[in-house]
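S.K.: Pasting a structure below so you can have a look.
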Amino acid sequence: MEEVAQELEKYKTSIGAVQEVTWKDSGTIKKRNYDFHFSGSNNVRGHKDVGFFVLRRIRKAVLSFEPISERICKLRIKGKFCNISFVNVYAPTEDNEEGIVDDFYTELERVCDKIPRHDMKVVLGDFNAKIGKEEQNNMVAGKCGLHEETSLNGERVCMFAEAQRLIVSSTCFPHKKIHLGTWKMPGRDSCNQIDHVLTSKRWATSIMDIKTCRGANCDSDHYLVRGVLRHRIANTVKSRKTRVENWDVEKLADVNVRQQFQEELGDRLTGLTTDLSIEEHWNYLREAMKGTAELVLGKRKFERNEDWFDEECRNALDSKNQAKKKLLQGGTRANMENYRRERTLANRLMRRKKREAANSKIEKLERNYQQKECRKFYKNMRNITDAYQAKSQVHLDEEGKRDNRDGGNQDKMERIFRRLTQRTGHSATRN
């Protein structure tokens, strides 16, 4: 994910549509420099999932993201004169049954029909379709495509484009053949143009250029298809909300700090009189507690989730990309072996870094578990997975009175920790 985001940043691309994400479920991952929205199957992990990368410079312009299925998702961007609706698709190949292909295009038409008619419509992705230069395609395709004849999937794409009043913009710009092919056939040097960008005919002139960038590398047999869109994104300024002060309350676990906090707060409350109104009482108490917390505790520093993708990983990717660049310039056996070696070293480093980061998080959870620190345990658990949400519950005994024992939370911690250690291979120990 970091590698793809870096390649998009290098080619000055604000939005990236990716296919074959192979992740389960749908959701959004927010990072410092980008957001990743993905749509997949809710049942099992597949290989058809799709998603959008949205880089930081336009993340505020995102109106909505809608996961449709494991093959289709939609992203809507706020524009100055009109909004833009991007539809990311991963179409079935011609080897699939005809019913599967028909269901895909039926669902795609339904999604496109629901897009507001004043929006600029852009349908892009892996269509697994070759579009030729026949006269029958003149209304929806250009003469600058790579192929001479249209495949069966290409005919479906042309029929879909004609029904939705779209034009295949990826076949309308003259480039060299090496900048037209989007997928390199395994074991061969030839390429096919099967990834396309379809745009509303009304806004077709807003597409300035579409070409293949072979230098972008993320160990995929598909090349990056880069389009230049002439459109003004709206300057969305979100109103700032009142920020809640985040005090470092964990310091109160120290007896000396707790005693200092109590003494300071008691000194500040000595001037409180009974002739004040309720509102004045509350303001006085609030300012006294805030002043005491600021003096004794201080604010807790914001800590971003630890990220194992560090400078060493970036250097390994740079070495791999340099080897890929030499391979593109000259496909010799020595360059091929050099690229394979650099790719293997980079993959090993990534796996080791990720494994070390996972082990570090598990060890931190284990310390919280053994010391029965429920607050830290649940907080660190939420940083690892969103599958569990802690809820505060009141436990009552047989007489209906509140049970002050922490058995409920402790049982939850044990169950969660046992599940987590079984998945990661650690041994669960009980204090």
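S.K.: Every residue in the stretch 158-171 that is buried (at least 18 other Cβ atoms within 10 Å of the Cβ) and either touching a helix residue (DSSP H, G or I) at 6+ places or on another chain (Cβ under 8 Å) or in contact (Cβ under 8 Å) with a residue 60 or more places away in the chain (or both), please.
M.R.: Hits for the stretch 158-171 are 158, 160, 164, 166, 167, 168, 169.
S.K.: Right, something else. Quick check on the stretch 363-377: of everything there that is surrounded by fewer than 18 Cβ atoms within 10 Å (Cβ to Cβ) and assigned to a helix (DSSP H, G or I), which residue is farthest from the chain's Cα centre (by Cα)? Before you say what the answer is, go through the steps one by one.
M.R.: To start, the set of residues in the stretch 363-377 that are surrounded by fewer than 18 Cβ atoms within 10 Å (Cβ to Cβ) comprises 363-364, 367, 370-376.
Restricting the remaining residues to those that are assigned to a helix (DSSP H, G or I) gives 363-364, 367, 370, 374-376.
On the way: 363: 27, 364: 26, 367: 30, 370: 34, 374: 30, 375: 28, 376: 26 Å.
The qualifying residue farthest from the chain's Cα centre (by Cα) is 370.
S.K.: How about the stretch 349-362: which of its residues are open to solvent by 90 Å² or more (accessible area, probe 1.4 Å) and touching a residue at least 60 places away in the same chain (Cβ under 8 Å)?
M.R.: none
S.K.: Let me confirm something: among 33, 42, which residue is more than 18 Å from residue 111 (Cα to Cα), at pLDDT below 90 and either of a type in the set (Gly, Ala, Ser) or more than 12 Å from the chain's Cα centre (by Cα) (or both)?
M.R.: Working: 33 fails: either of a type in the set (Gly, Ala, Ser) or more than 12 Å from the chain's Cα centre (by Cα) (or both).
Going through 33, 42 in turn, just one is more than 18 Å from residue 111 (Cα to Cα), at pLDDT below 90 and either of a type in the set (Gly, Ala, Ser) or more than 12 Å from the chain's Cα centre (by Cα) (or both): 42.
S.K.: Here is a follow-up. Kindly indicate whether residue 101 is at pLDDT below 95, in contact with a helix residue (DSSP H, G or I) (Cβ under 9 Å, 6 or more places away or on another chain) and open to solvent by less than 10 Å² (accessible area, probe 1.4 Å). Walk me through it before giving the result.
M.R.: On the way: at pLDDT below 95: yes; in contact with a helix residue (DSSP H, G or I) (Cβ under 9 Å, 6 or more places away or on another chain): yes; open to solvent by less than 10 Å² (accessible area, probe 1.4 Å): yes.
Taking the combined requirement at face value, the residue satisfies it.
S.K.: If you don't mind, there's one more thing I want to ask. What pairs come up if the first residue lies in the stretch 301-328 and is more than 30 Å from residue 181 (Cα to Cα), the second is at pLDDT below 90 and open to solvent by 80 Å² or more (accessible area, probe 1.4 Å), and their beta carbons are under 6 Å apart, counting only those six or more places apart or on different chains?
M.R.: Between residues of the stretch 301-328 that are more than 30 Å from residue 181 (Cα to Cα) and residues that are at pLDDT below 90 and open to solvent by 80 Å² or more (accessible area, probe 1.4 Å), the close pairs are 308/354.
S.K.: Looking at the stretch 7-20, can you tell me whether even one residue there is open to solvent by less than 60 Å² (accessible area, probe 1.4 Å), modelled with pLDDT under 90 and within 15 Å of residue 87 (Cα to Cα)?
M.R.: The initial filter retains those residues of the stretch 7-20 that are open to solvent by less than 60 Å² (accessible area, probe 1.4 Å), namely 7-8, 11, 13-19.
Keeping just the survivors that are modelled with pLDDT under 90 gives none.
Looking for residues that are open to solvent by less than 60 Å² (accessible area, probe 1.4 Å), modelled with pLDDT under 90 and within 15 Å of residue 87 (Cα to Cα), one finds none in the stretch 7-20, hence no.
S.K.: For the stretch 78-136, name all the residues that are touching a residue at least 40 places away in the same chain (Cβ under 8 Å), in contact with a Lys or Arg (Cβ under 8 Å, 6 or more places away or on another chain) and among the basic types (Lys, Arg).
M.R.: 80
S.K.: Under the condition of being touching a strand residue (DSSP E or B) at 6+ places or on another chain (Cβ under 7 Å) and open to solvent by less than 90 Å² (accessible area, probe 1.4 Å), which residue from the stretch 297-348 is nearest to residue 257 (Cα to Cα)? Break it down into steps so the answer makes sense when it comes.
M.R.: Step one: filter the stretch 297-348 for residues touching a strand residue (DSSP E or B) at 6+ places or on another chain (Cβ under 7 Å), giving 297, 299-300.
After this cut, where a residue has to be open to solvent by less than 90 Å² (accessible area, probe 1.4 Å) as well, the list is 297, 300.
Details: 297: 8, 300: 15 Å.
Only one residue tops the list, namely 297.
S.K.: Let me spell it out: the conditions are (1) surrounded by 22 or more Cβ atoms within 10 Å (Cβ to Cβ); (2) under 21 Å from residue 226 (Cα atoms), and residue 56 meets all of them except one. Which number is the exception?
M.R.: That leaves (1) as the condition not met.
S.K.: If you don't mind, there's one more thing I want to ask. What pairs come up if the first residue lies in the stretch 21-41 and is under 18 Å from residue 8 (Cβ atoms), the second is part of a loop (DSSP other than H, G, I, E, B) and aliphatic (A, V, I, L, M), and their beta carbons are under 7 Å apart, counting only those six or more places apart or on different chains?
M.R.: Between residues of the stretch 21-41 that are under 18 Å from residue 8 (Cβ atoms) and residues that are part of a loop (DSSP other than H, G, I, E, B) and aliphatic (A, V, I, L, M), the close pairs are 36/1; 38/21.
The values are calculated or read from the model by the stated rules, or taken from the named source; none is laboratory data. The structure displayed is predicted, hence computed values, not measured ones. For neighbour counting, all protein chains shown are included, and Cβ atoms are generated from backbone atoms with ideal geometry for every residue, glycine included. Ligands, DNA and RNA are stripped out before the accessible areas are found, and what is left, the full protein with its side chains, is counted by its heavy atoms. Shrake-Rupley method; radii C 1.70, N 1.55, O 1.52, S 1.80 Å.
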